[in-house]
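Encoded as structure tokens, the structure appears first; notes follow it.
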Amino acid sequence: MKKNRLIQSLLLLIFAFLLTITATYAWISLYESAGSVQINTGQISYTYHGSFIDESEIIFPDKELLNEDIFVNNQSNIDTSLRLKIDYTLVEEVISLKTYKNEASDDLFVEFGSSFVLDGDYWYYIASDHAISNTGVIALINFIYYDGFKASNEYATNQVSLYVLIQVKQADHVEWTDLTSIDFNG
């Protein structure tokens, strides 16, 4: 009888040990995938490509600031939405951070690679109701530079920065998720 209880206790201990290992492994696997550049949320799958020039390069008006065009590859199998926001250093009497809205007061010039529409501070990829149903490459930004006709000599002694935030989400009733942010300080 004591032998039966000893065997039952040993089996219970082994079962508890296996359960603990399984739960710990599941937690570690979830944690390891948290910092990736590719987002796989449900059935959303995007990767981004593109980069700014080296920050040590001298910047002057009309100098292209992209080393590689910015684009995304959509491999999602559900309808998604995409938006981006561009903040940059504006030098006037006071140096400030300004959101690009293609206004007359913008010193920045941006050529989008696809059709985008401005709503608030964000540029939304235009598709039917902002829903992207096709997969493949979506061009975001082809050119970005400080406009020589608008940017004055006040920029000559100041450091500038650009910040492009790309967000994606499931097309209906889901919150936006940051795909990436691309920074430039020159």
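When the solvent-accessible surface of protein heavy atoms is calculated with a 1.4 angstrom probe, in what order do Arg83, Arg5 fall, highest first?
Numbers: Arg83 30, Arg5 155 Å².
Result of the area sort, largest leading: Arg5, Arg83.
Just grab the label-to-label distance for Lys85 and Gln159, each label 7 Å out from Cα along the Cβ direction, in nm (one decimal).
For Lys85 paired with Gln159, the spin-label model returns 2.3 nm.
Counting other Cβ atoms within 10 Å, which chymotrypsin sites (Phe, Trp or Tyr not before Pro) in region 100-151 have at most 11 and lie in a DSSP loop?
Values: sites: Tyr100, Phe109, Phe112, Phe116, Tyr122, Trp123, Tyr124, Tyr125, Phe143, Tyr145, Tyr146, Phe149; in loops: Tyr100, Phe149.
In loop regions of region 100-151 (DSSP not H, G, I, E or B), the sparsely surrounded chymotrypsin sites (Phe, Trp or Tyr not before Pro) are Phe149.
Express the carbon and sulfur contribution to the solvent-accessible surface of region 69-141 as a percent, rounded to the nearest whole number, probe 1.4 angstrom. Intermediate values should be presented prior to the final figure.
Values: 1520 of 3410 Å².
Exposed carbon and sulfur together represent 45 percent of the surface.
Label points 7 Å out from Cα along the Cβ direction at Asn134 and Asp69: separation in nm?
1.5
May I ask you to compute the full-extension gain from Glu92 to Gln8, defined as 0.36 nm times their residue separation minus their alpha-carbon distance, rounded to one decimal in nm?
Working: separation 84, 0.36 × 84 = 30.24 nm, distance 7.89 nm.
Extra length from Glu92 to Gln8 when fully extended: 22.3 nm.
Return the long-range amide H neighbours of Val160 (sequence gap of 5 or more, or a different chain), with a cut-off of under 5 Å between placed amide H atoms.
Gly186
I'd like the GluC sites (Glu not before Pro) in region 42-76 restricted to DSSP loop residues with at most 13 other Cβ atoms within 10 Å, sorted by number.
Glu55, Glu57, Glu64
Tell me which lysines have Cα within less than 25 Å of Lys85's Cα, excluding those fewer than 8 residues away on the same chain?
Lys63, Lys98, Lys101, Lys150, Lys169
Take every Cα-Cα distance within region 36-185, group them into 5 Å bins from 0 onward, and report for each bin the whole-number percent of pairs it holds.
2, 9, 19, 22, 18, 13, 9, 6, 3, 0
Across region 113-125, in residue order, what do the Karplus-derived ³J(HN,Hα) couplings come to in whole Hz, using 6.51 cos²θ - 1.76 cosθ + 1.60 with θ = phi - 60° and x for Gly and Pro?
With coefficients 6.51, -1.76 and 1.60, one gets x, 9, 7, 10, 10, 7, 9, x, 9, 10, 9, 9, 5 Hz.
Got a sec to turn the phi values of region 147-160 into Karplus ³J(HN,Hα) couplings, 6.51 cos²θ - 1.76 cosθ + 1.60 with θ = phi - 60°, whole Hz, x for Gly and Pro?
Working through the residues one at a time gives 6, x, 7, 10, 6, 9, 5, 4, 6, 4, 10, 10, 7, 10 Hz.
How far is it, in nm, from the label point at Phe60 to the one at Ser114 when both lie 7 Å from their Cα along the line to the Cβ?
Here the answer is 3.6 nm between the modelled labels.
The values are calculated or read from the model by the stated rules, or taken from the named source; none is laboratory data. Owing to the predicted nature of the structure, the values given are computational and were not obtained by experimental measurement. All Cβ positions, glycine included, derive from the backbone under ideal geometry; neighbour counts span all protein chains shown. Protein only, heavy atoms only, side chains kept; ligands, DNA and RNA dropped before computing areas. Shrake-Rupley method; radii C 1.70, N 1.55, O 1.52, S 1.80 Å.
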